[in-house]
1. Beta carbons within 10 angstrom, averaged per residue: use that to sort the peptides 78-91, 29-42, highest first.
2. How much length, in nm to one decimal, is gained on full extension between Leu42 and Ser89, taken as 0.36 nm per residue of separation minus their Cα-Cα distance?
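Read-outs throughout are calculated quantities, based only on the coordinates presented, and are distinct from any laboratory measurement. Note that this is a predicted model, so its numbers are computed, not measured. FYI the Cβ positions are ideal-geometry reconstructions off the backbone, even for glycines, and counts take in every protein chain you see.
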Amino acid sequence: MKINGNGDAYRIDRPATPASGGAQRNGKAEAPQQDTVRLSGLAEQLARLANEGPAGAYDPARVEAIKAAIQRGEFHVDSGVVADKLLQSVQELIAK
């Protein structure tokens, strides 16, 4: 329901333009404004850790050996070990 036609001023699909109609004010060109972002120390540390990945968690030789065993049909999963590791990780999460 349109009441007075002022709703067009708040549309987000309209490009924002300065009231003066350009980048010049008093005949001088203005430098473009730049936004800056400063991350906290914790955010920087998290970003660094995310880029590094878990230390020692990836062994390319072991991965290739497992791939070869799967292709030969010789790789078997020990469900007891999987269950034990799952319970251990759940207990660690609950303890936090």
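1. On the way: 78-91: 9.5, 29-42: 6.8.
Going by the mean number of other Cβ atoms within 10 Å, highest first, we get 78-91, 29-42.
2. On the way: separation 47, 0.36 × 47 = 16.92 nm, distance 2.47 nm.
Length gained between Leu42 and Ser89: 14.4 nm.
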